[in-house]
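Reviewing the structure listed below.
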Amino acid sequence: QVQLVVSGGGLVQAGGSLSLSCAASGRSFVRCAMAWFRQAPGKEREFVAAISWDGGSTNYADSVKGRGTITKDNARNTVNLQMNSLKPEDTAVYFCAASLWGSATMTPEEYPYWGQGTQVTVSS
C-alpha cells in the first residue's frame, strides 16, 4: 500500500521559514515526479511546486517563486519543501503528491498518490 506521510507543518510568524517533508513508502518513486499543493480555507487546492524524477527540473507557482525550494531525495524516497519569507497568505493545508511520470507537471490530475496534508499557519 502506497503511503505519503507529510511532516513539518505548524505555526510560524510572517517572515519566518518552514520546512516540509514527505516520506513515501509502499513503492519507489525514484522515476517519478513529486509535487506540493496547498488548500486554504474556502479555496480550491492549488499548485505550489513540482520536481522531476531526477531533480533536474522544477516548477513553482508564481506566488512562491523565489521563496520556495523543492528537493527530492531518491535514496530516501522523500520530497521536501523549504519555504522562506512566509506570508499570512501562505496559510493552508499543504499536501505532497507523487506522479507515475517523470515530468514536473503542475496539474493535480497527473498525481494519483497524495499525502494526508499538514497545516501551515502564518501569523501576521
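The values are calculated or read from the model by the stated rules, or taken from the named source; none is laboratory data. Every value quoted in this text rests on a predicted model; they were computed, and no experiment measured them. Backbone-built Cβ (ideal geometry, glycine too); neighbour counts: all protein chains shown. Accessible surface is based on the protein model in full, side chains and every heavy atom, while ligands, DNA and RNA are left aside. Shrake-Rupley method; radii C 1.70, N 1.55, O 1.52, S 1.80 Å.
Accessible area per residue for the chain is 50 Å², calculated with a 1.4 Å probe on protein heavy atoms, without ligands, DNA or RNA.
Semi-axes of the equivalent ellipsoid of the chain are 23, 14, 13 Å, computed as sqrt(5λ) over the eigenvalues of the C-alpha gyration tensor in descending order. Grouping the Cα pair distances of the stretch 58-124 into 5 Å bins from zero gives a pair-distance distribution of 3, 14, 23, 28, 20, 8, 3, 0 percent in increasing distance order. When a 1.4 Å probe is rolled over the protein heavy atoms, the share of accessible surface on the stretch 61-104 that falls to carbon and sulfur comes to 52 percent. The 3J(HN,Hα) values that the Karplus relation (6.51, -1.76, 1.60; θ = phi - 60°) gives for the stretch 12-23 are, in residue order, 9, 7, 4, x, x, 10, 8, 10, 10, 10, 9, 9 Hz. Gly and Pro appear as x. Summing Lys and Arg as +1 and Asp and Glu as -1 over all other residues whose Cβ lies under 12 Å from the Cβ of Leu81 gives a net charge of +2.
Computed extension length for Thr121-Lys43: 26.6 nm, one decimal, from 0.36 nm per residue of separation with the Cα-Cα distance subtracted. Couplings 3J(HN,Hα) for the stretch 25-38, derived from phi with the Karplus relation 6.51 cos²θ - 1.76 cosθ + 1.60 (θ = phi - 60°), are 9, x, 6, 8, 10, 4, 9, 10, 6, 9, 8, 10, 10, 8 Hz, where x marks Gly and Pro.
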